[in-house]
1. If Glu297 satisfies all but one of (1) surrounded by 14 or more Cβ atoms within 10 Å (Cβ to Cβ); (2) outside the structural domain of Leu40 (by TED's automatic domain parsing), what's the number of the condition it fails?
2. Cβ contacts < 7 Å: first residue without any contact (Cβ under 8 Å) to a residue 40 or more places away in the chain and closer than 12 Å to Ala307 by Cβ, restricted to the range 272-284; second residue not charged (D, E, K, R) and not in a helix (DSSP H, G or I), any location; separation 6+ or different chain. Result?
3. Collect the residues in the range 96-116 that are of a type outside the set (A, V, I, L, M, F, W, C) and either in a loop (DSSP other than H, G, I, E, B) or modelled with pLDDT under 95 (or both), keeping them in residue-number order.
4. Quick one: is Arg291 outside the structural domain of Leu136 (by TED's automatic domain parsing), within 16 Å of the chain's Cα centre (by Cα), in contact (Cβ under 8 Å) with a residue 12 or more places away in the chain and within 28 Å of Arg51 (Cβ to Cβ)?
5. Could you please give the count of residues in the range 19-67 that are more than 20 Å from Leu269 (Cβ to Cβ), of a type in the set (A, V, I, L, M) and surrounded by fewer than 20 Cβ atoms within 10 Å (Cβ to Cβ)?
6. What are the pairs with Cβ atoms under 6 angstrom where one residue, in the range 42-61, is at negative phi and the other, located anywhere, is in a strand (DSSP E or B) and among the basic types (Lys, Arg)? Sequence gap at least six, or different chains.
7. I'm trying to understand the selection: among the residues of the range 32-73, which are under 30 Å from Leu317 (Cβ atoms), out of contact with any helix residue (DSSP H, G or I) (no Cβ under 7 Å at 6 or more places or on another chain) and of a type in the set (Val, Ile, Thr)?
8. Taking the range 335-346 as the search range and keeping residues that are in contact with a helix residue (DSSP H, G or I) (Cβ under 9 Å, 6 or more places away or on another chain), surrounded by fewer than 18 Cβ atoms within 10 Å (Cβ to Cβ) and not hydrophobic (A, V, I, L, M, F, W, C), which one is nearest to Glu442 (Cα to Cα)?
Amino acid sequence: MRRRPSTDRDAPLDGSILGHRNVQAALDAAVRTDRLPHALLFTGPEGVGKRTLATALARRLVAGDDAGETERFDRGAHERFLLYSDLEKPLPVRRGDLLGPDLDEAGLLAAYRTLEEEEWIRGISDASGEEAIDLLVRNPERYTGRKGIPFAEVLERELGVLERSRRSSPAAVAVARRLFSVGTSHAPYRRSLGIERINGKGDGALFRNVSAFLKTAGGGGWRVAILDDAQKMTDAAENAFLKTLEEPPPDTLLILVTSEPLSLLPTTLSRCARVVFDALPPEDLAGFLTRTQGVPENEAPLVAALAEGSLGRALELLGLDFSGRRELVVKILEAIGRGDLADALARTGACLANAAAEATERPRDRERHEARLLLELLALGLRDVILARAAPTVPPISGIDADLAAELTTRHPAETWEELFARTELARSDLAANVEPRLAIEALFADAFPAGEPVS
């Protein structure tokens, strides 16, 4: 039997990765015993660390404990690693991963500010320290050419403009290159992953693609390709990729990362070993946010609960004004308690109208975002009211006072509060299905409180 390429088999995966110890242990065992399948499907909720762990596994296999190989891998310049990712998706970047002998955190933040001023990125966190994570939104115009497709030469031209800017610095250019690289190891796509990225035909001749990667990469080591958001492959791309899944070259690992496995073809699923990721435990996520992102201890449980176990979602929520929204939800719950549904509707309507009015662009999207957040907070508030009766020792997390929650339980039967909670979840589903936000919320209250219900 052919021996697998050597790697540092006894070294565990990155211990700094949050959660998923069972998944890490299983992958560690597979590497140590040479039992890695040729294709893995990393599936689970959005934003829980699937791509992070996939990249850590690739780093271990491709670079091992060799310092030079590791440096090339981290720089995105390793010929035996290929990562496909959607350039319009926010990019979580741990600051420590960009720091080095010539760049401390102050220098990195200065480079970030320059890139923000030059409209390359936005989303810099207020947190500090190597473990801080910046959820960066990259400006796709910096490396997209005709048809909106990313091209390396477009990026190089834009980097040249950045380099000549009076506000720029060598550090800013170097950081931009790391964040936007379409070099050896990175193959960004925009919105959908087309067949040219798989077989190299047509526009794909200008890109690094899977077909060329598997034919030319080698050198006696592992080759690893990661397709992030694999559900974004077009039908033609997925059918072309199936040929690679059927007969991959030796010493090759293909990792498909997705939160929507049912969007993939059954034949694709059948050719991959599935690795299931769970949502992160709320207490672990809350502790991480306090420890690394500077979220106050009294606010972290709320952010973790709203994020529903997704670190990515939690990072998106940072910086929002929760105090004002908490007060609004308490007022709505009080209105429901006294049966004043007109007041509850008026408050929610005003909230959505203000969000749309304050938006500098795409006000309807801003209104929908605010409605989603409001419904999530309302669901947590209703959960606290229900638990005030069923489990009074469980502390509230929505911001409602425990005594008020207990008092509200006396205003309506338990079934009414439970029905309202269920209707709130339904309204969230309606919102995700593009129902108008105000209609979804009006239906929530109208259905949960039919006319004529007695209010004590």
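1. (1)
2. Qualifying pairs under 7 Å: Pro282/Gly309.
3. Gly96, Asp97, Gly100, Pro101, Asp102, Asp104
4. no
5. 4
6. As it stands, the answer is none, since no pair meets every condition given.
7. Of everything in the range 32-73, those that are under 30 Å from Leu317 (Cβ atoms), out of contact with any helix residue (DSSP H, G or I) (no Cβ under 7 Å at 6 or more places or on another chain) and of a type in the set (Val, Ile, Thr) turn out to be Thr52, Thr55.
8. This residue is Asp343.
The values are calculated or read from the model by the stated rules, or taken from the named source; none is laboratory data. Computed from a predicted structure; not experimentally measured. Cβ atoms come from the backbone with ideal geometry, glycine included; neighbour counts cover every protein chain shown.
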